[in-house]
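What follows is a short report on a single structure.
The values are calculated or read from the model by the stated rules, or taken from the named source; none is laboratory data. The structure presented is a predicted model; accordingly, all values stated were derived computationally and were not measured. Here the Cβ is made from the backbone with ideal geometry for all residues, glycine too, and neighbour counts use every protein chain on show.
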Amino acid sequence: MARHARNRPKPSAGKKAGQGPARTQASGWKKAVGIAVGVAIAAVIATLAVLFWAYDVSIVKYDMHLTVSTVLAFKVDADALWFGGVPPAGSSMRTITLRNANNQDRLASLYFFGDLAKWVSTGADPLRMVLGPGESRVVTLTASVPEDAPFGPVDGWLLIVFRKS
């Protein structure tokens, strides 16, 4: 038996046992998939760049914070939309000013995200509005806390997207 084991060819230098044509084909397949994924990602980035350029899009993000609490509190820092401490079934309002600094009409669209998004509304103000050159508009945001809301912090964010109208 030992004799047959000695006569078996040894793997060539640089290859591990078990590597052969099938293993090479598998690594070639992985390389092709990697290249395809890279090309797809590059295509998506290029498409987004063209769309942002063509539609002249700019995006502003504001974090939103509220604390469900029996202690009324507020914070006026401009780094985020702070609705403060609000009791269950209570509400808090904040205003933002949208301004078109361009020399052509711009469409401003407001999008809310996160846990706080379902509690925030713009009331009578639309979520989309066209602003003329140099025009400003004040929008009131109201956070209405449900009666059965658990105590503690609730966060979200507001995206304001400006683009050519």
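Suppose the filter is surrounded by fewer than 16 Cβ atoms within 10 Å (Cβ to Cβ), hydroxyl-bearing (Ser, Thr, Tyr) and either within 24 Å of the chain's Cα centre (by Cα) or outside any strand (DSSP E or B) (or both); does residue 111 pass it?
When the stated conditions are applied, residue 111 passes them.
Name the residue that is nearest to residue 142 (Cα to Cα), counting only residues in the range 68-84 that are assigned to a strand (DSSP E or B) and modelled with pLDDT under 95.
Step by step, filter the range 68-84, then rank; the result is 83.
What are the residues in the range 95-153 that are among the β-branched types (Val, Ile, Thr) and more than 17 Å from residue 63 (Cα to Cα), if any?
The answer is 130, 138, 145.
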